[in-house]
Amino acid sequence: MRRLLFSARLAALSVVLGGRAVAQAPTGSEGSLFLLLPTGAQAVGMGQAMVAGKPGSEGIWWNPASIAEQDKRELAIHHSKTVAGVGDALTFVLPTRAYGTAAISLNILNIGEQQVTDEFGDVVGVILPRDVVLAGTYAANVTRRFSAGLNYKVVQLRVDCSGQCSSVGPEVKSSRAVDLGAQYDVLVGAPLTFGAAVRNLGGRLNSRETNQRDPLPTQVEVGAMYRLKFIDHYVKDTELRASASYINSRSFGGKSVRVGTDVMYQGKVHLRAGYVGHDRRGNASASVGFGLQSGAFVFDIARTFGGLPAEGGQMPVYVSLRYLF
């Protein structure tokens, strides 16, 4: 039963992350591939090109340095529904004037309940497989232009059960990892920012296939975000931002280029579009997004187009709700 459960999990993640290359990855713990899934509707709407952006709490999962200049506390939930499962990331961000910004986050991917039956076909238990990340974040401005950040993450693959399911679990596999990030503004207040991040560094997790501790799927990403000032002369109260990044996921999905745009009206309404292109997997995906801020509340939604749909035939959807105070 454990092997069947693992195979279903790997198949779903392989589809979301690009099928062929993931399935052929020669190293690493396949069960930890959920760490490559995107988090946050802003980033997804912009084609995941967010390493140089400052999207609030969801920036923790793209570049921990992005929250260094945040000036308001934030409580947020980032929800996703894909073929891999239902994800929810809860985050609390606490900025300080003199000591930088700290945050704590809990990210849970619910794979879906499975029933356990006896030899007569009667349901005797329920299995609940979940992938969990608990992250602590710290970021600060090193200079007026340069900021740096760090995530320390506890990663767990959990198979909990209730009822008569002793042959299946419960089972917990744990690891530790760090994310490192930096951002650089060309000039203070200038419209151009560069970003770089290394994610899932240093951790190892026991693989269910090889029964040995294999490395987590480390990612290296560099990119830039630019505000096109010329739009201000033609459209009143409107800003246009464009971003691009290059990412190397080692042998887990290969290399890709990501681009995105964000059109903001009066600082409250956002229309986004993005594209993820792959040079080795031979597939690509597009995305669109919408955002709205009303007072202290910020709402974002995004959808991707490519790969298999989520449950019910719908394309994957991402929703973020943030409260700033």
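The values are calculated or read from the model by the stated rules, or taken from the named source; none is laboratory data. No experiment lies behind these values; they were computed from the predicted model shown. Every residue, glycine among them, receives a Cβ derived from its backbone with ideal geometry; neighbour counts consider all protein chains shown.
A residue that is part of a strand (DSSP E or B) and surrounded by fewer than 24 Cβ atoms within 10 Å (Cβ to Cβ) can be found somewhere in the range 63-74. Set side by side, the residues F325, F230 differ, and just one is of a type outside the set (K, R), loosely packed, with under 15 Cβ neighbours inside 10 Å, at pLDDT 95 or above and at negative phi, which is F325. Restricted to the range 205-214, and to residues that are surrounded by fewer than 17 Cβ atoms within 10 Å (Cβ to Cβ) and not in a loop (DSSP other than H, G, I, E, B), which residue is modelled with the highest pLDDT? The residue in question is R213.
In this structure, L94 does not satisfy being touching a His at 6+ places or on another chain (Cβ under 9 Å), free of Cβ contacts under 8 Å to residues at least 24 places away in the same chain and not charged (D, E, K, R).
Residue check: is V126 over 19 Å from L180 (Cβ atoms), modelled with pLDDT under 95 and either in a strand (DSSP E or B) or touching a Lys or Arg at 6+ places or on another chain (Cβ under 7 Å) (or both)? In short, yes. Is it fair to say I108 is at pLDDT 95 or above and either of a type in the set (K, R) or surrounded by fewer than 15 Cβ atoms within 10 Å (Cβ to Cβ) (or both)? Here the answer is no, as I108 does not meet what is asked. Considering (1) farther than 26 Å from R145 by Cα; (2) modelled with pLDDT of 95 or more; (3) surrounded by 24 or more Cβ atoms within 10 Å (Cβ to Cβ), the lone condition that T82 does not fulfil carries the number (2).
Among the candidates D131, D185, D122, D118, the residue that is surrounded by 13 or more Cβ atoms within 10 Å (Cβ to Cβ), acidic (D, E), out of contact with any Pro (no Cβ under 8 Å at 6 or more places or on another chain) and more than 18 Å from F34 (Cα to Cα) is uniquely D185. For the range 224-250, a residue qualifies if it is touching a Gly at 6+ places or on another chain (Cβ under 7 Å) and of a type outside the set (A, V, I, L, M), and the qualifying residues are S243, S245, Y246. Of everything in the range 265-287 that is of a type in the set (K, R) and modelled with pLDDT of 90 or more, the residue that is surrounded by the most Cβ atoms within 10 Å (Cβ to Cβ) is R272. Taken over the range 243-259, the residue count meeting the criterion of being within 14 Å of Q48 (Cβ to Cβ) and surrounded by 17 or more Cβ atoms within 10 Å (Cβ to Cβ) is 10.
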